[in-house]
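Let me begin by presenting the structure, written as structure tokens, before commenting on it.
The values are calculated or read from the model by the stated rules, or taken from the named source; none is laboratory data. The shown structure was predicted, so the numbers you read here are calculated from the model rather than taken from an experiment. Every residue, glycine as well, gets a Cβ built from its backbone with ideal geometry; the counts of neighbours run over all protein chains shown. The accessibility values were calculated without ligands, DNA or RNA, using every heavy atom of the protein model including side chains. Shrake-Rupley method; radii C 1.70, N 1.55, O 1.52, S 1.80 Å.
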Amino acid sequence: MQDVPLSLTHVFERAERLWPHKEIVTATVGGGRERTTYGAWAERTRRLAGVFDDLGISSDGRVGTFAWNSARHLELYFAAPCSGRVLHTLNIRLFPEQLTYVANHAEDEVVFVDRSLMPLFWPRIDELTTVKYVVVMDDGADAEIPDDPRIRDYEELLAAASPVADLAIEDENQAAAMCYTSGTTGNPKGVVYSHRSMVLHAMATMLADTFGLCERDVVLPVVPQFHANAWGLAHAVAMTGATIIMPGPDLSPKAIATLIEEEHVTLAAGVPTIWMGMLPELDGRDVSSLRQILCGGSAVPRALSEAYREKTGKPILQAWGMTETSPLGSIANVTSALEDGSEDELAALRASVGQISPLVDARHVEAGTTEPLPWDGEAQGELQVRGAWIAAGYYDDERPCNTPDGWLMTGDVVTIDEHGYIRIVDRTKDVIKSGGEWISSVELENEIMAHPDVAEAAVIGLADQKWGERPVACVVAADGKELTAEDVRTFLDGRVAKFWIPERVELIDEVPKTSVGKFSKKDLRERFAAAEA
Ligand code: ADP
């Protein structure tokens, strides 16, 4: 067989040749929509590669982005790697100190910033020791553009640049992009993706038994382009020629629902908080175009998935992954052998994170051992994975990533059943040990969120003199609903083991979220442990 490098230049050229007529739509700051085609995008992407040369960016230099999802961001997604540079998507919601850390650690030479985000970005500029240029992408916001020699305008640069005709990557293992984990403890850790890993990962999202992404799809990645490569969707659309709808800065439920309805979106992807927020917005809307509602990044409550099934006829399709896994790891499609199960059994399957993706292996082990536990749905252990798009280590960082025998340590405690369905019991650091017994915070949250008057619930473990640790439930009542701690406890009675029922139920206005929209248990622990002290 021929030995052809798997590279994003192939994906780019395929899109350029086959889909010049297909659309890329971006929702803009003013509430409008900018429409372009893959044809125009490809031409601009080649020019953008020329811009990097004009700016003197090193041949393998890191190109930072600080941006919403947009057609321009998609130009950067290909121009950087296809010209040999490394795309580094900065998370716009990182704490300022972490932003400084990651930009310096990656040695970003240039950062492309949406104009609407300049007020957030620019105050850090003097701490970013390697950044020579800040290229402003005017998204129609009226944010001030500083008068500074480092500032450049995206469209002016593009207009002045020559398109690069020859985009070629010879070594498929060359770095294409990097992302940092959101770093709930310590500094964020960098993961570097290769051309090969990104191509294989994009292909995996197109398999019928994963996301099944295809040419006919209209894809809406609500998941930001800075969150684990927008889950591979931004590469897969170019490979398949699917229409892509970029949501821009307005991620409100109303804006997302309107995009789905008006653009006839078939596949939309986001973290659970996005879909929770959208639920009340669905009433009276026609979202029948939706074929796949993808959700992952944190546990998808069963009640949420079932609510979508009732309202749209389509359950949420749950996936599991990490920055370290590109991110597709597992996906909860129902297999033919199991599809005749009761509604209850099917709902339980959809509440799992499903089966491991093709080209990825999974095992679960007791901490510190390498002996796989049985796939019996009972044994609990740390999920470990390995495969062609799984990180082998962190970028310029000694912190542990793989076991000595070459498996990624995920920090997730799971069970795996005889059909290979993986259930996340907890993250290692969130699991609660009470009186010598384990309590799964994820499962307890699931049960609490099944209460019709509960909007959100996060469970944390706090130190307890008698039991070691006890669960504390932090609960947000649904809009306009009255809820007491006793209501929650009564509801749990009979649904979970007695010792799981939290003595302490805190009714709060909102669960604090991390930079990628997950429940921030760290913040809750600090808040309620402090309240106790
Ligand atoms: P961070 O670790 O900084 O939050 P990641 O986005 O890489 O950033 O998070 C990966 C983690 O998210 C996984 O290890 C797992 O704990 C959690 N996660 C992802 N998908 C799911 C899911 N479907 N159900 C439960 N947890 C999930």
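General observations
- Solvent exposure ordering (accessible area, 1.4 Å, most first) of Asp148, Asp361, Asp396: Asp396, Asp361, Asp148
- Remark: relative contact order (the range 465-533) = 35 percent; criterion is Cα-Cα distance under 8 angstrom and separation of 6 or more residues.
- Ranked order, Ile501, Ile293 - accessible area, probe 1.4 Å, largest first: Ile501, Ile293
- Taking 0.36 nm per residue of separation and subtracting the current Cα-Cα distance, fully stretching the chain between Ser342 and Arg504 would add 54.8 nm.
- When every Cα-Cα distance of the chain is counted in 10 angstrom steps from zero, the calculated P(r) takes the values 4, 18, 29, 27, 16, 6, 1, 0 percent.
- Prolate/oblate/rounded call for the range 121-194, Cα gyration tensor, a/c under 1.5 rounded: oblate
- Rounded to 5, percent antiparallel among DSSP beta bridges of the chain: 55 percent
- Ranked by how many other beta carbons lie within 10 Å on average, peptides 332-340, 80-88, 402-410, 302-310 from highest: 80-88, 302-310, 402-410, 332-340
- Net dipole in debye of the range 8-197 [+1 Lys, Arg Cβ; -1 Asp, Glu Cβ; about Cα centre; nearest 20]: 620 debye
- A Förster radius of 22 Å combined with the Cβ-Cβ distance from Asp286 to Arg33 puts the calculated FRET efficiency at roughly 0.75.
- Computed helical MRE - 222 nm, the chain, DSSP H runs ≥ 4 contributing -39500 (n - 2.57), nearest 500: -8000 deg cm²/dmol
- With the simple spin-label model, which puts each label point 7 Å out from Cα in the Cβ direction, the Arg14 to Asn104 separation comes to 4.1 nm.
- Approximate spin-label separation Lys433-Gln465, in nm, with each point projected 7 Å along Cα-to-Cβ: 2.2 nm
- Accessible area (Å², 1.4 Å probe, nearest 10) - Arg152: 80 Å²
- Reduced Cα scattering model of the range 432-532, Debye log10 I(q)/I(0), q = 0.10, 0.14 Å⁻¹: -0.24, -0.49
- Efficiency of FRET from Cβ geometry, Arg124 and His264, R₀ 25 Å, rounded to 0.05: 0.05
- Within-15-Å neighbourhood charge of Met118 [Cβ basis; K, R +1; D, E -1]: -4
- Solvent exposure of the chain, expressed per residue, is 41 Å² of accessible area, with all protein chains present and a 1.4 angstrom probe.
- Area of Thr266 that stays accessible when all protein chains are in place (1.4 Å probe, Å², to 10): 20 Å²
- The range 397-411 and the range 450-467 have Cα centres separated by 31 Å.
- The chain - percent of accessible surface contributed by carbon and sulfur, probe 1.4 Å: 50 percent
- For the range 132-201 versus the range 325-380, the spacing of their alpha-carbon centroids is 35 Å.
- In this view, the solvent-accessible surface of Ser194, computed with a 1.4 Å probe and all protein chains in place, comes to about 20 Å².
- Each Lys or Arg adds one and each Asp or Glu takes one away; over the other residues whose Cβ falls under 12 Å from the Cβ of Thr240, this sums to +1.
- Each other residue within a Cβ distance under 15 Å of Asp171 adds +1 if Lys or Arg and -1 if Asp or Glu, for a net charge of -2.
- Take each peptide in 104-117, 515-528, 486-499, count the other Cβ atoms within 10 Å of every residue, and average; sorted highest first, the result is 104-117, 515-528, 486-499.
- When all protein chains stay in place and ligands, DNA and RNA are ignored, the 1.4 Å accessible-area order of Lys513, Lys433, Lys466, Lys254, largest first, is Lys466, Lys254, Lys433, Lys513.
- Hydrophobic long helices, here whole DSSP H runs in the chain with Kyte-Doolittle means of at least -1.0 and Cα atoms spread over 20 Å or more along the helix axis, are found at 38-55.
- Label zone (Asp479, point 7 Å along Cα-to-C-beta; backbone nitrogen cut-off 16 Å) within the range 304-343: none.
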